[in-house]
Amino acid sequence: MSKPKFIEDSPGEKVLLMGNEALARGILEAGTVIAAGYPGTPSSEILDTLAEMIPYHPHLKLEWSINEKVGFEVAYGGSMSNVRSVACMKHVGVNVASDAFMTACYAGARGGMVLISADDPNCWSSQNEQDNRIFGLHALVPVFEPSNAQEAKDMIKYAFEFSEQFQSLVLFRTTTRLNHGRGDVILGEINKVNREYSFDWDRSRWVCLPSHSRVLRVRLLERLEEISEFANYFPFNNLSISKEKVKGTRYGFVAAGVPYAHLMDALDHFNLRGKVSILKLGLVYPPPKNLIKEFFKNVDEVLVIEELEPFLENILKQIAYDEGISREVIIHGKDYFPQNGEFPSELFFDIFARFMDLDYEKPSVPEDMIIIPPRLPILCPGCSHRATFYAIKKVEKKMKTKFVNSSDIGCYTLAVYKPLEGIDIQVCMGGSIGFANGIAKIQPKENPVLAILGDSTFFHSGIPGLINAVYNQNNMLVVILDNRSTSMTGFQDNPGTGIKITKEPGTRVVLEELVKGCGVKPENIWIEDSNNIPMMIEKLEQAVRAEGVRVFISRHLCSLIEANQYRQEGIKPPTIKVDSDKCIGCLICVNQFGCPAIMFNQEDKKAYIDQSTCRGCEVCIEVCPQNAINKEQE
């Protein structure tokens with residue numbers, strides 16, 4: 001297999017890169033040594049791409065950390081040791097890391113330190129849309145935001161230099177459209193940072209007890225003031241002034257990140273480039289006040305374009321008020337653009353037409369245009385999680401009661417949909433056990449409380465909740481879905497696999513031994529193959545009926561990984577077929593189990609298996625009450 005171009009030290013080479021690949025290349029070019037974090041869409045490919053680089057750039061030291069807080073601390077430990085370091089995570093991961101992040105901002109950076117927050121407008125793969133630019137305002141540290149793949153590469157490379165220049169952490173915000181979009185990127189030179197790496201024994205800086213933190217807080221504010229002055233000269237900020245009027249008004253636009261790219265497309269569409277003033281920001285906090293003041297001198301009306309919160313809009317309004325021009329310059333933002341969701345390019349055309357009173361007719365959809373139906377969120381064919389939830393529902397029915405199923409975040413969250421409908425609660429990582437602790441205190445025994453989470457999630461933040469349950473003697477069953485992978489974010493390994501990000505063997509942490517170490521009694525631990533439905537039902541019923549804190553480990557390899565292993569090893573999975581003579585069209589296989597490989601013929605009212613999607617897991621054989629589904633004999 002040939003070496004990817006983005007790994008080579010070939011300055012000037014133009015390559016097509018995904019945004020996350022461009023970020024990884026920029027991290028490499030900066031001479032970064034340590035990169036750590038926890039996989040989370042849309043950030044996962046950054047560390048995955050860096051891992052591809054290790055054979056060619058062995059100075060890189062990477063890890064998938066147990067969670068985002070630990071990942072941040074790993075990277076920050078590198079900064080303390082004069083090493084350029086980066087922590088990568090999705091936006092909600094910053095919530096987990098924020099305890100360390102907020103105080104680390106007081107002490108600042110030694111080696112360049114960047115925290116990448118991959119935000120997710122429109123909740124494409126997340127439980128919320130939070131705007132992490134606000135963390136910059138909260139922590140009093142600069143926030144960078146690139147607008148395309150080239151700028152992502154160049155800006156993050158520069159971020160490490162900036163961090164060292166001001167001894168400040170940098171919060172680097174991206175969004176899904178940049179992370180997963182693609183664009184041409186001209187490669188730069190890979191920097192080899194020649195410096196001594198050693199820990200700095202400065203207790204007044206690194207030991208954040210109150211007497212030290214009071215002093216560090218003053219230094220933090222001084223750094224922010226220095227950065228605020230420099231913001232006017234930040235190389236990725238740009239002010240373009242136009243003296244022209246459009247229909248008697250001098251219009252101005254302010255944007256950063258992906259919205260800036262859409263802004264320029266919309267201006268081209270209306271032939272307005274050069275006829276309006278534009279303030280493009282790469283450093284979104286602290287704001288370049290002098291640039292903003294100059295911008296205000298040349299506009300009558302301003303439209304601030306930003307996804308999610310009115311972050312820049314509020315900053316501009318505050319500066320306009322402080323300068324006494326809030327009545328002279330009209331600032332718009334969320335009165336035109338929504339405060340939720342990702343902005344599609346066509347939204348800009350409609351809003352621009354209204355904002356500037358322009359002629360615009362929405363294009364009609366061609367009559368012969370093929371409309372692709374929406375892809376429903378559903379568990380994969382052969383997914384062992386489906387088998388587990390099916391077994392839970394069977395036990396629930398057998399016991400003639402209703403369980404309270406508190407779930408975590410992962411592939412298994414899709415079990416909330418029909419036909420499984422196996423999830424009642426889902427809020428955050430580790431929350432399944434945490435919420436179950438509270439519910440178990442008041443829930444009657446007739447409605448057992450189950451906390452359901454994946455293996456990687458248990459390692460991430462489930463352990464404290466389990467220890468809390470043991471310590472407080474909360475009556476609950478924890479179901480750990482062990483598919484030996486962090487599947488939803490790209491099949492990354494975790495402590496349960498014992499494989500490091502480099503694909504070298506690490507030390508495997510055995511779930512059942514860890515559970516015992518948390519204080520769960522051996523007799524209150526059950527383990528079963530998820531796809532063995534009869535035994536799953538039998539053991540789950542035992543676990544549900546027992547008292548105290550119990551743990552059930554439902555274990556089977558992720559079906560996508562299993563299918564890939566079959567292909568690599570030349571193994572043909574079993575062929576599963578429906579005997580049409582035995583099938584009575586009861587639809588139990590469809591309405592209660594719901595594997596997408598099971599189809600239904602409306603003409604003869606019989607089920608059949610779509611062989612192109614079937615993984616041969618054999619679970620449906622146990623589901624059919626008519627014994628109409630069987631494995632084809634060799």
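The values are calculated or read from the model by the stated rules, or taken from the named source; none is laboratory data. Owing to the predicted nature of the structure, the values given are computational and were not obtained by experimental measurement. Positions of Cβ are backbone-derived with ideal geometry, glycine not excepted, and every protein chain shown enters the neighbour counts.
Some points to look at:
- For the range 590-604, a residue qualifies if it is farther than 16 Å from Asp579 by Cβ and among the charged types (D, E, K, R), and exactly one does: Glu603.
- Total residues in the range 81-109 satisfying the condition of being crowded, with 23+ Cβ neighbours inside 10 Å and charged (D, E, K, R): the figure is 2.
- Scanning the range 348-381 for residues that are within 24 Å of Ser126 (Cα to Cα) and either in contact with a helix residue (DSSP H, G or I) (Cβ under 8 Å, 6 or more places away or on another chain) or of a type in the set (Phe, Trp, Tyr) (or both) yields a total of 5.
- Scanning the range 195-227 for residues that are of a type in the set (A, V, I, L, M) and assigned to a loop (DSSP other than H, G, I, E, B) turns up Val207, Leu209.
- Among residues of the range 468-492 that are within 20 Å of Asp529 (Cβ to Cβ) and in the same structural domain as Glu45 (by TED's automatic domain parsing), none has a beta-carbon under 6 Å from a residue that is charged (D, E, K, R) and part of a loop (DSSP other than H, G, I, E, B) at least six positions away or on a different chain.
- When Asp265 is tested against (1) more than 33 Å from the chain's Cα centre (by Cα); (2) surrounded by fewer than 16 Cβ atoms within 10 Å (Cβ to Cβ), exactly one condition is not met: (1).
Residue-wise test of (1) outside the structural domain of Asn447 (by TED's automatic domain parsing); (2) among the β-branched types (Val, Ile, Thr); (3) touching a Pro at 6+ places or on another chain (Cβ under 8 Å); (4) surrounded by 14 or more Cβ atoms within 10 Å (Cβ to Cβ).
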site	(1), (2), (3), (4)
Glu513	no, no, no, no
Asn524	no, no, no, yes
Val544	no, yes, yes, yes
Glu547	no, no, no, no
Cys558	no, no, no, yes
Glu562	no, no, no, yes
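- Residue match in the range 10-18 (condition: at positive phi and outside the structural domain of Lys500 (by TED's automatic domain parsing)): yes
- Single residue of Ile584, Ile598 found to be outside the structural domain of Leu420 (by TED's automatic domain parsing), under 36 Å from the mean Cα position of the chain (by Cα) and β-branched (Val, Ile, Thr): Ile598
- Residue within the range 91-106 that is in contact (Cβ under 8 Å) with a residue 60 or more places away in the chain and of a type in the set (Gly, Ala, Ser) present: yes
- Residue match in the range 38-54 (condition: modelled with pLDDT of 95 or more, under 30 Å from Val218 (Cβ atoms) and surrounded by 24 or more Cβ atoms within 10 Å (Cβ to Cβ)): no
- Condition met for Val590 (closer than 27 Å to Gly454 by Cα and either at pLDDT 95 or above or loosely packed, with under 15 Cβ neighbours inside 10 Å (or both)): no
- Sole residue being within 21 Å of Cys558 (Cα to Cα), in contact with a strand residue (DSSP E or B) (Cβ under 7 Å, 6 or more places away or on another chain) and of a type outside the set (Lys, Arg), chosen from Ile501, Ile439, Ile433, Ile425: Ile501
- Residue within the range 112-121 that is acidic (Asp, Glu), buried (at least 22 other Cβ atoms within 10 Å of the Cβ) and farther than 19 Å from Phe234 by Cβ present: yes
- Long-range neighbours under 9 Å by Cβ, at least six apart or interchain, first residue touching a residue at least 12 places away in the same chain (Cβ under 8 Å) and closer than 14 Å to Asn290 by Cα within the range 304-332, second surrounded by fewer than 23 Cβ atoms within 10 Å (Cβ to Cβ) and aromatic (Phe, Trp, Tyr): Leu316/Phe296; Ile319/Phe296; Ala320/Phe296; Glu323/Phe296
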